[in-house]
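Worksheet: the structure to be examined is printed underneath.
Where a number appears in this text, it was derived from the coordinates with a stated rule and is not lab data. This structure is a prediction, so every number in the text was calculated from the model and none was measured. When we count neighbours, we look across all protein chains shown, and the Cβ atoms used for this are built from the backbone with ideal geometry, even at glycine.
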Amino acid sequence: MGHTCNSIIINAPYDKIFDISNDIPRWTELFGGEYKKAEGVEKKDNKITFRLTDDEDKSWVSWRLLFKDKYFAYAQRHEPMFPFKFMKIIWLYTPKAQGVELTWIQHFEMDDKAKFKDEQVEGFIY
């Protein structure tokens, strides 16, 4: 299974960081061109279902649970799963003297028919 863990400290108030980082349509600007489209599909209580499209016009649907009062968000890729068997992401927001440390942990397994293996994808994501 693949696993990555990355973090950054952002010098801004927690509420602003949480709200902006979970504003799915803004992901096209937040993630440096990784997504060509980022669209909300449904929002119900603390769950957001959304569709992402990359620069090769490949789209997939994921969902995200927001726990703002607990300082984290949890997400899973939904459909299509390929090239993954599963993809889970946890975002942790930790207040620090310099701002908020945003840590994102990805846990996944690549499909046996995928072009790349877990370790290769770890290198791409890291």
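Observations
- Some residue of the stretch 9-27 being assigned to a strand (DSSP E or B) and loosely packed, with under 15 Cβ neighbours inside 10 Å: yes
- Residues in the stretch 108-117 that are without any contact (Cβ under 8 Å) to a residue 60 or more places away in the chain and either closer than 29 Å to residue 72 by Cα or surrounded by 15 or more Cβ atoms within 10 Å (Cβ to Cβ) (or both): 111, 114, 117.
- Total residues in the stretch 12-38, condition touching a residue at least 24 places away in the same chain (Cβ under 8 Å), small (Gly, Ala, Ser) and closer than 15 Å to residue 89 by Cβ: 1
- Single residue of 89, 105, 125 found to be free of Cβ contacts under 8 Å to residues at least 24 places away in the same chain and hydrophobic (A, V, I, L, M, F, W, C): 89
- Residues (out of contact with any strand residue (DSSP E or B) (no Cβ under 7 Å at 6 or more places or on another chain) and either more than 29 Å from residue 98 (Cα to Cα) or not in a loop (DSSP other than H, G, I, E, B) (or both)) located in the stretch 28-38: 29, 30
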